[in-house]
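To start, the structure itself, in structure tokens.
The values are calculated or read from the model by the stated rules, or taken from the named source; none is laboratory data. The shown structure was predicted, so the numbers you read here are calculated from the model rather than taken from an experiment. Backbone-built Cβ (ideal geometry, glycine too); neighbour counts: all protein chains shown.
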Amino acid sequence: MSERKASHGRQRLAILGSTGSIGGSTLDVVARHPERFEVVTLTAHRRIDRLFEQCLAFHPRLVVVSGPGDAARLEAQLRSAQLRTEVAHGPAALCAAASADDCDTVVAAIVGAAGLPSSLAAARAGKKILLANKEALVMSGMLFMRTVAECGATLLPLDSEHNAIFQCLGDGGGVERLILTASGGPFLTRALDSLDDITPDQACAHPNWVMGRKISVDSATMMNKGLEVIEARWLFDMPAERIEVVIHPQSVIHSMVAYADQSVLAQMGRPDMRTPIAHALAYPERIDSGVAPLDLTRLAHLSFTAPDLVRFPCLRLALEVLRDGCGASVTLNAANEIAVEAFLQEQIRFTEIAMVVEEVLERLPALAEHHQLDDILAADGRARAMAQQIIHDLPAHRVRQVAIH
């Protein structure tokens, strides 16, 4: 993971998914260090007003949005503000932005499978990639890591857990285990027989972290942790049996590395994504992240327990996919994205997310080991269609009606 050095003074950034929580935190860190960083590209899905505000603050050369209507609306706002920022739209423009010559570093923060093609385009262009889009490695781990190596890209993790592991890894070898911590989300101690009644707003109310709705639901089901162990397998070239998950509700220790001599190194800090973002942006240096210091004297206790795979069946499914070689990880991720969206739309119950994912995994074959992007996207499409069909076929008494508020 050696870093390429830019030939100019400031690091030029393309932030993919700039209006999400990771993108916003990245821009917060960047604003503290204008002498170090220049924002050249911002991209967003549909939050056009927020993207316009970011353009006013950072004056990027290019912005990319999803569709032509949003592009026209944003361009009108930019011209009214006398900004010369170029506006583009669509998947091809997103990939072009990620691989453009005028950026050194790509912050890959698009949520879900939608972020894979642009992240892979950045890898093919040999960029420094700060990866928050875990789905890129979940879906295409072997292909992605091979592309990084062959094209001379630099890959640094932004997820707090993987960044913590990266910080704890030494150069002398002897790594025995990677230990990913998980808060357990908002339902760690809730009665199992009440999980059917969980609402989207309850699932999105994480006790420690401020995140988008999709990843908040994934945290509540612990699918997020399952995706992270698959990501860790590829990112650190670690076999499944040497990756563990422990529940740590306080979210102070972000992950650990155990060594052959039984030393365990842990990375600690407040639950604030600006810490790993600042680390990755400035690596191998350290810069101010804007995060308040961790006051150890105010920590009442730190606790650790094994995850309950009955309470968290999504984690069980992900661990099974990991141990079977990750061939079904595309299916796992796609089915989960469809099921979570259906839950957020109140079409299925919280407990039916795992049921939908498991049924899709049972019905569809895993990918062969050596596959290309087209194979991955085709498998993704099949899994999404299957998940949608399963949700459609659920008995009427099990499908929640859209609430009237």
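So which residues in region 353-375 are farther than 20 Å from residue 214 by Cβ and either part of a helix (DSSP H, G or I) or among the aromatic types (Phe, Trp, Tyr) (or both), if there are any at all? If the condition is that a residue be farther than 20 Å from residue 214 by Cβ and either part of a helix (DSSP H, G or I) or among the aromatic types (Phe, Trp, Tyr) (or both), then 359, 362, 363, 373, 374, 375 are the ones that fit.
Residues are listed down the side, and each one gets a yes or a no for (1) crowded, with 18+ Cβ neighbours inside 10 Å; (2) more than 21 Å from residue 208 (Cβ to Cβ):
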{"site": "230", "(1), (2)": "yes, yes"}
{"site": "238", "(1), (2)": "no, yes"}
{"site": "255", "(1), (2)": "yes, no"}
{"site": "278", "(1), (2)": "yes, no"}
{"site": "285", "(1), (2)": "no, yes"}
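Count of region 114-169 residues, restricted to those that are touching a helix residue (DSSP H, G or I) at 6+ places or on another chain (Cβ under 9 Å), part of a loop (DSSP other than H, G, I, E, B) and at negative phi, is 8. Residues that are modelled with pLDDT under 95 and not in a loop (DSSP other than H, G, I, E, B) do not occur anywhere in region 1-14.
If you check 14, 31, 44 for being of a type in the set (Gly, Ala, Ser), over 22 Å from the mean Cα position of the chain (by Cα) and within 16 Å of residue 107 (Cβ to Cβ), only one passes: 31.
Could you pull out every one of the strands (runs of 3 or more DSSP E) wholly within region 206-298 that has 2 or more residues that are within 22 Å of residue 137 (Cα to Cα)?
243-247, 253-259
Across region 311-320, a minimum of one residue is classified as within 16 Å of residue 139 (Cβ to Cβ) and out of contact with any Phe, Trp or Tyr (no Cβ under 9 Å at 6 or more places or on another chain).
Answer with yes or no whether residue 186 is without any contact (Cβ under 8 Å) to a residue 40 or more places away in the chain, surrounded by fewer than 20 Cβ atoms within 10 Å (Cβ to Cβ) and more than 16 Å from the chain's Cα centre (by Cα).
Values: without any contact (Cβ under 8 Å) to a residue 40 or more places away in the chain: yes; surrounded by fewer than 20 Cβ atoms within 10 Å (Cβ to Cβ): yes; more than 16 Å from the chain's Cα centre (by Cα): yes.
It is true that residue 186 is without any contact (Cβ under 8 Å) to a residue 40 or more places away in the chain, surrounded by fewer than 20 Cβ atoms within 10 Å (Cβ to Cβ) and more than 16 Å from the chain's Cα centre (by Cα).
Matching residues to (1) touching a Gly at 6+ places or on another chain (Cβ under 6 Å); (2) closer than 25 Å to residue 211 by Cβ; (3) touching a residue at least 60 places away in the same chain (Cβ under 8 Å):
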| residue | (1), (2), (3) |
| --- | --- |
| 90 | no, no, no |
| 97 | no, yes, yes |
| 101 | no, no, no |
| 106 | no, yes, yes |
| 113 | no, yes, yes |
| 128 | no, yes, yes |
| 139 | no, yes, yes |
| 154 | no, no, yes |
